[in-house]
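These notes are about the structure you will find just below.
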Amino acid sequence: GVHILAAPSSPENAEKITAEQFTRVLRQMQQMYAYVIVDASAHLTDITLSVIDLCDAIILITMQDIPSIKNSRIFLDLLQTLSVPAQKVTFVMNRFDKRIPITPERISANIRQKISAIIPLDEQTVINAVNKGVPFMVDNKNTPAAKGILSVAEALKETLLSRESEVSGKSLR
């Protein structure tokens, strides 16, 4: 039941796609599917900005390093400039390692955005899944990484329900 529209196979073909063309395709997909997920580049392009304009929710992923945190802050500032509500963002910490002193609480305070979900560092599970060619979500949902992914899904669900209730003006359960 999942359909995938892949990016062009070569960079020179990708450069030929305009934001207007991508927007038309995305709008058509929104008519055809209940959910459309766009895995956007970390680089802000006209296409990425068009996705931001059309999306119902944004999952922003960061890690415990200063460059990632700085880039997240810059992106959140951009969203504010574009008048995108902060409630539209599900902020996720990936590869959380409790041995590193940069805690989720410190990042959240620094960025002024609640961290909605944490995916723990679970190298054994992830490397095993990559080497076997089987997604760890299929292989074993009880690993720390899988539980983290499920917490992202739950946080996204809450974001979407909250946004839907704001739009409709009524409370949803």
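The values are calculated or read from the model by the stated rules, or taken from the named source; none is laboratory data. Keep in mind that this is a model prediction, so the values were computed, not measured. Methodologically, a virtual Cβ is constructed for each residue, glycine included, from the backbone with ideal geometry; neighbour enumeration extends over all protein chains shown. SASA here: full protein model, heavy atoms, side chains in, ligands and nucleic acids out. Shrake-Rupley method; radii C 1.70, N 1.55, O 1.52, S 1.80 Å.
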Practice task
Quick one: which residue in E158, E123 is under 30 Å from Q87 (Cα atoms), out of contact with any helix residue (DSSP H, G or I) (no Cβ under 7 Å at 6 or more places or on another chain) and open to solvent by 80 Å² or more (accessible area, probe 1.4 Å)?
Solution key: E158
Exercise for the section: Quick one: count up the residues across region 131-148 that are under 21 Å from I37 (Cβ atoms), of a type outside the set (D, E, K, R) and either in a helix (DSSP H, G or I) or touching a residue at least 12 places away in the same chain (Cβ under 8 Å) (or both). Expected result: 6
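Results for (1) out of contact with any helix residue (DSSP H, G or I) (no Cβ under 7 Å at 6 or more places or on another chain); (2) on the phi > 0 side of the Ramachandran plot; (3) surrounded by fewer than 18 Cβ atoms within 10 Å (Cβ to Cβ); (4) not hydrophobic (A, V, I, L, M, F, W, C), shown as yes or no for each residue.
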{"site": "R24", "(1), (2), (3), (4)": "yes, no, yes, yes"}
{"site": "A34", "(1), (2), (3), (4)": "yes, no, yes, no"}
{"site": "T45", "(1), (2), (3), (4)": "yes, no, yes, yes"}
{"site": "C55", "(1), (2), (3), (4)": "yes, no, yes, no"}
{"site": "I58", "(1), (2), (3), (4)": "no, no, no, no"}
{"site": "M63", "(1), (2), (3), (4)": "yes, no, no, no"}
{"site": "P85", "(1), (2), (3), (4)": "yes, no, yes, yes"}
{"site": "T90", "(1), (2), (3), (4)": "no, no, no, yes"}
{"site": "M93", "(1), (2), (3), (4)": "no, no, no, no"}
Exercise for the section: May I ask you to list the residues in region 3-24 that are closer than 18 Å to S50 by Cβ, aliphatic (A, V, I, L, M) and modelled with pLDDT of 85 or more? Expected result: L5, I17, A19
Exercise for the section: Tell me, yes or no, whether region 83-90 has at least one residue that is of a type in the set (G, A, S) and under 20 Å from L160 (Cβ atoms). Expected result: yes
Exercise for the section: Would you check if I127 is more than 20 Å from the chain's Cα centre (by Cα), of a type in the set (V, I, T), in a helix (DSSP H, G or I) and more than 24 Å from E154 (Cβ to Cβ)? Expected result: yes
Exercise for the section: Answer yes if at least one residue in region 35-49 is under 16 Å from the mean Cα position of the chain (by Cα) and modelled with pLDDT of 95 or more, and no otherwise. Expected result: no
